[in-house]
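Notes follow once the structure below has been shown.
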Ligand code: ATP
């Protein structure tokens, strides 16, 4: 059964961190494909300086052109309005009924999962892969497994238990939540947007094609 990763985000813009961690996850889970799924309107993010969905889509398309196992989906852009991940998960499960679909999220995003629409349903529908991510500011003294465990038990379901050999939170009836250790990439789209505003270089943080597109279109100024 083939594995398919669903990697949603604002991608405002896509950066080298996204590419590197997605490749780490793909390799560790031996996935056939990872779909990058840009949101039309993210419900949870401040929308200031949000580039047009078409521009964000185009930048992903350029960036992944050298990665045969990466693909892009415009399902959220076509749907218009607020982009709810639960609708996207249902769409892909229907589209690939014989594949195992995984939802891929960074630690920062997962730790807000209780604010997502129908969040409890994710844990019955799809295995989730949570990628480690360097914290913007050192707020927690817990290690990633401890941080995830305390969050899951407080906000999702007390019956999830950590299984160290598989680095996975397992539940007798519900879907597993994997903690995936990926290459620490201290890059964020926010930082890139700020650097552009300050007239500083972003060359080391985004693929050359994305940098070129940003300057050509005058994005994030
Ligand atoms: P912003 O700074 O605008 O909030 P971002 O860099 O977090 O953006 P998103 O498009 O929001 O980028 O990210 C999409 C997904 O990728 C989220 O689940 C996020 O946690 C994850 N992600 C982004 N950058 C990294 C990174 N450097 N390491 C691990 N996960 C990441």
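How would you classify region 9-97 from its alpha-carbon gyration tensor, with a ≥ b ≥ c the square roots of the eigenvalues: rounded for a/c under 1.5, else prolate if a/b is greater than b/c, otherwise oblate?
oblate
Measure out, as a whole number of angstrom, how far apart the alpha-carbon centroids of region 83-110 and region 143-157 sit.
One Cα centre to the other: 21 Å.
Let me make sure I get this right: for region 1-45, a, b and c are the square roots of the gyration tensor eigenvalues over alpha carbons, sorted descending. Under 1.5 in a/c it's rounded, otherwise prolate if a/b > b/c, else oblate. Which is it?
Because a/c hits 1.5 or more and a/b fails to exceed b/c, region 1-45 counts as oblate.
Which whole-number percent is the relative contact order of region 55-132 (Cα, under 8 Å, 6+ apart)?
Once divided by the residue count of region 55-132, the mean separation gives 28 percent.
May I ask you to derive the relative contact order of the chain, considering only C-alpha pairs under 8 Å and at least 6 residues apart, and to give it as an integer percent?
24 percent
Using the alpha-carbon atoms, what tilt in degrees (0 to 90, nearest 10) does helix 16-28 show relative to the longest principal axis of the chain?
So the inclination is approximately 30 degrees.
Using packing as a proxy for protection, rank 195-201, 121-127, 174-180 so that the peptide with the highest average count of other Cβ atoms within 10 Å comes first.
174-180, 121-127, 195-201
What does DSSP give for the chain in terms of the percent of beta bridges that are antiparallel, rounded to the nearest 5?
If we restrict to bridges inside the chain, about 20 percent are antiparallel.
In degrees, nearest 10, range 0 to 90: what is the angle between the Cα axis of helix 144-155 and the longest Cα principal axis of the chain?
Taking the Cα atoms of the chain, the angle to 144-155 is about 70 degrees.
For the chain, what value does the Rg/Rh ratio take when both radii are computed over Cα atoms and Rh is the Kirkwood radius, given to two decimals?
0.95
Round to the nearest 10 and give me the degree value, 0 to 90, for the angle of helix 85-95's Cα axis relative to the longest principal axis of the chain.
For helix 85-95, the angle is close to 80 degrees.
In nm, what is the difference between 0.36 nm times the number of residues separating residue 99 and residue 44 and their Cα-Cα distance?
16.9 nm
Report, in deg cm²/dmol and to the nearest 500, the calculated mean residue ellipticity at 222 nm for the chain, where each DSSP H run with n ≥ 4 adds -39500 (n - 2.57) and the sum is divided by the residue count.
-10500 deg cm²/dmol
If packing is taken as the average count of other Cβ atoms within 10 Å, what order do 3-14, 52-63 fall into, highest mean first?
Result, highest mean first: 3-14, 52-63.
Rule-based calculations on the coordinates, nothing more; no lab input. The model shown is predicted, which means the values in this text are computed figures rather than measured ones. Positions of Cβ are generated from backbone atoms using ideal geometry, with glycine treated the same way; all protein chains shown enter the neighbour counts.
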